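Here's the structure, in structure tokens; my notes come after.
Every read-out reported here was derived from the displayed coordinates using simple, explicitly stated rules and does not represent laboratory data. Because the structure is a prediction, the values reported are computed rather than measured. As a convention, Cβ positions derive from the backbone with ideal geometry for all residues, glycine included, and neighbour counts pool all protein chains shown.
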Amino acid sequence: MQDYKIYEYAVIRLVPKVEREEFFNVGLILFSKKEKFIRFKFHLCENKFKFMHSKLDYRDVIENLVSFEKISKGDKEGGPIALLDIPERFRWLTAVRSSVIQTSRPHPGKSKDLEQTFSKLFQELVL
């Protein structure tokens, strides 16, 4: 019998006008310390982005999300934070911040298949 793997996940949110606290989900990050697993993925629909009537530039937001992705993967192009170990990268990415890209609080869970769980959560919470 396959053991359950404990994980944490957070939803990545785009907050076009921080002062209004309105947001929509654009990504997901899932992490398991014991499994040394971290996965980040985003999807920002350009049409949905335009409906927010924000002064944000779509390309700038994508660039910032790509930076999150590089950090989560440990890509050296992600800067010094990307060089930290997986738990520290996850904690940095999910830290509370007042910016246009924010995360939900981390939520715990258990899974037999982290990739499958990630796909399911991404489908339910982002797409």
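Brief remarks follow.
- Any hit, the stretch 16-31, residues being surrounded by 15 or more Cβ atoms within 10 Å (Cβ to Cβ), under 11 Å from the mean Cα position of the chain (by Cα) and not hydrophobic (A, V, I, L, M, F, W, C): yes
- If you go through the stretch 65-105 and pick out every residue that is surrounded by 15 or more Cβ atoms within 10 Å (Cβ to Cβ), closer than 16 Å to Asn25 by Cα and either of a type outside the set (Phe, Trp, Tyr) or more than 14 Å from the chain's Cα centre (by Cα) (or both), you end up with 9.
- All positions within the stretch 114-127 that are surrounded by 11 or more Cβ atoms within 10 Å (Cβ to Cβ) and in contact (Cβ under 8 Å) with a residue 40 or more places away in the chain: Leu114, Glu115, Thr117, Phe118, Leu121, Phe122, Leu125, Val126
- Residue match in the stretch 103-124 (condition: within 17 Å of Arg13 (Cβ to Cβ), touching a helix residue (DSSP H, G or I) at 6+ places or on another chain (Cβ under 9 Å) and of a type in the set (Phe, Trp, Tyr)): no
- Against the list (1) among the β-branched types (Val, Ile, Thr); (2) touching a residue at least 24 places away in the same chain (Cβ under 8 Å); (3) within 26 Å of Leu114 (Cβ to Cβ), the condition Val18 fails is (3).
- Residue within the stretch 74-83 that is touching a strand residue (DSSP E or B) at 6+ places or on another chain (Cβ under 8 Å) and more than 30 Å from Asp3 (Cβ to Cβ) present: no
- For Val66, the conditions (1) in contact (Cβ under 8 Å) with a residue 60 or more places away in the chain; (2) within 19 Å of Leu127 (Cα to Cα) are fulfilled apart from (1).
- Subset of the stretch 1-23 that is touching a helix residue (DSSP H, G or I) at 6+ places or on another chain (Cβ under 9 Å) and in a strand (DSSP E or B) - its residue that is farthest from Leu121 (Cα to Cα): Leu14
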